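The values are calculated or read from the model by the stated rules, or taken from the named source; none is laboratory data. All of these numbers come straight from a predicted model, not from anything done at the bench. Cβ placement follows ideal geometry from the backbone for every residue including glycine, while neighbour counts extend to all protein chains displayed.
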Amino acid sequence: MRQGRHWMLVLPAQSLLVLLLFLPALYVFWLSLNRSTYGTRPVWVGFANYATVLADPYFWTATLNTAIVVNAVVLLEFLLALAIAMLFSGWIPWRRLMIAIVLAPYAISEVVSVVIWKFMMEPYAGPVTLALQSVGLPVLDWAVEPAHGLAMVILLSVWHHLPFTFILLYTALLGIPRDLYEAAKVDGAGAWRRFVDVTMPLLVPAMLVAVVFRYIFAFRIFSEVWLLTGGGPARTTEVLAVYLYRQAFRYADFGAAAATGWLMLLGSLLMGAWYIQQMYKRMFVGGRA
């Protein structure tokens, strides 16, 4: 009876997940097995859409670009967030003001962020570009050079999403008992040993949560690329989400777009599988790695 009451309590949330996530995912999978476009009935083609997508060189270009962007964004964002969180966990003047400054980018929409960065980094007249040129530093010609375009996307994404990773790591640092640091200092441990032996082991769960969520979110990156470069020049900066958008709304090939969506889902699960496994072990299996 008691167990049934527990299930009744979680039933609304579970029903919402089924309606909003599970059923639409099943429909997209069914659509990926059909040829579908505007004004026609879906025609069953099996896994032909997957074969078509996997044989498309633009798909593999988008996959490579996605892997580069995702790994660079997550790594740079994590290292910067960890460094800032460690700085803020000690003494720092105007702490509340500094935290508000770090969190400010998260209050700006992605569209506005891209517009601001495009203006600041405009290759010929942007304020940042002119400042870099005035001191003899190279500038990002992101409108022409594919590598520069991807670098611009990476910098923009790191700047915009850094507050998410920072707040997770910072709150986890504040939760570490100060007594442990005092005990380590009494035992003769220096700052580096205290970081390695005290901070890192206790920070691992928060680090894994931050990395898993950022991998999942970054793998779906779309707005920054679409609004900044549109996937150009010549689709060389295209990522998987932009490739999916083109298939669905420019070429009206809904079957191929659905197949791309499922391939993205499988790819994100594979990228995050190890982190999810480690997070489960540390949080629910007694902290054993």
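For Gly46, are the conditions met, namely being of a type in the set (Gly, Ala, Ser), at positive phi, loosely packed, with under 14 Cβ neighbours inside 10 Å and without any contact (Cβ under 8 Å) to a residue 24 or more places away in the chain?
Yes; evaluated as a whole, the condition is true for this residue.
Give the residue that is surrounded by the fewest Cβ atoms within 10 Å (Cβ to Cβ), with candidates limited to residues of the stretch 131-150 that are under 23 Å from the mean Cα position of the chain (by Cα) and not in a loop (DSSP other than H, G, I, E, B).
Ala147
If you check every pair at least six apart or on different chains, which have Cβ atoms under 9 Å apart with a residue in the stretch 202-219 that is touching a residue at least 40 places away in the same chain (Cβ under 8 Å) and among the basic types (Lys, Arg) first and a residue that is crowded, with 17+ Cβ neighbours inside 10 Å and part of a helix (DSSP H, G or I) second?
Pairs found: Arg214/Val70; Arg214/Val73; Arg214/Val74; Arg214/Glu77; Arg214/Phe78; Arg214/His161; Arg214/Phe164; Arg214/Thr165.
Examine the stretch 47-62 for a residue that is closer than 17 Å to Asp253 by Cβ and in contact with a strand residue (DSSP E or B) (Cβ under 8 Å, 6 or more places away or on another chain), and state whether such a residue exists.
Looking for residues that are closer than 17 Å to Asp253 by Cβ and in contact with a strand residue (DSSP E or B) (Cβ under 8 Å, 6 or more places away or on another chain), one finds at least one in the stretch 47-62, hence yes.
Is it fair to say Gly255 is more than 28 Å from Val158 (Cα to Cα) and crowded, with 19+ Cβ neighbours inside 10 Å?
In short, yes.
Could you please find all residues in the stretch 99-122 being surrounded by 15 or more Cβ atoms within 10 Å (Cβ to Cβ) and more than 23 Å from the chain's Cα centre (by Cα)?
Glu122
Tell me, which helices (runs of 4 or more DSSP H) wholly within the stretch 195-249 include 2 or more residues that are under 20 Å from Leu80 (Cβ atoms)?
Filter on the stretch 195-249 gives 200-219.
Under 8 Å by Cβ, and 6 or more places apart or on different chains, what pairs join a residue from the stretch 134-157 that is over 24 Å from Leu75 (Cα atoms) with one that is at pLDDT below 90?
Note: pairs meeting the criteria are Ala143/Pro123; Ala143/Gly149; Ala143/Thr229; Ala143/Pro233; Val144/Pro123; Val144/Pro233.
List every residue pair whose Cβ atoms lie under 7 Å apart, where the two residues are 6 or more positions apart in sequence or sit on different chains, the first residue falls within the stretch 92-107 and is over 20 Å from Ser157 (Cα atoms), and the second residue, located anywhere, is modelled with pLDDT of 85 or more and among the aliphatic types (A, V, I, L, M).
Listed pairs, sorted by first residue: Ile92/Met98.
Run Glu77 past the list (1) within 25 Å of Ser223 (Cβ to Cβ); (2) free of Cβ contacts under 8 Å to residues at least 24 places away in the same chain and report the number of the one that doesn't hold.
(2)
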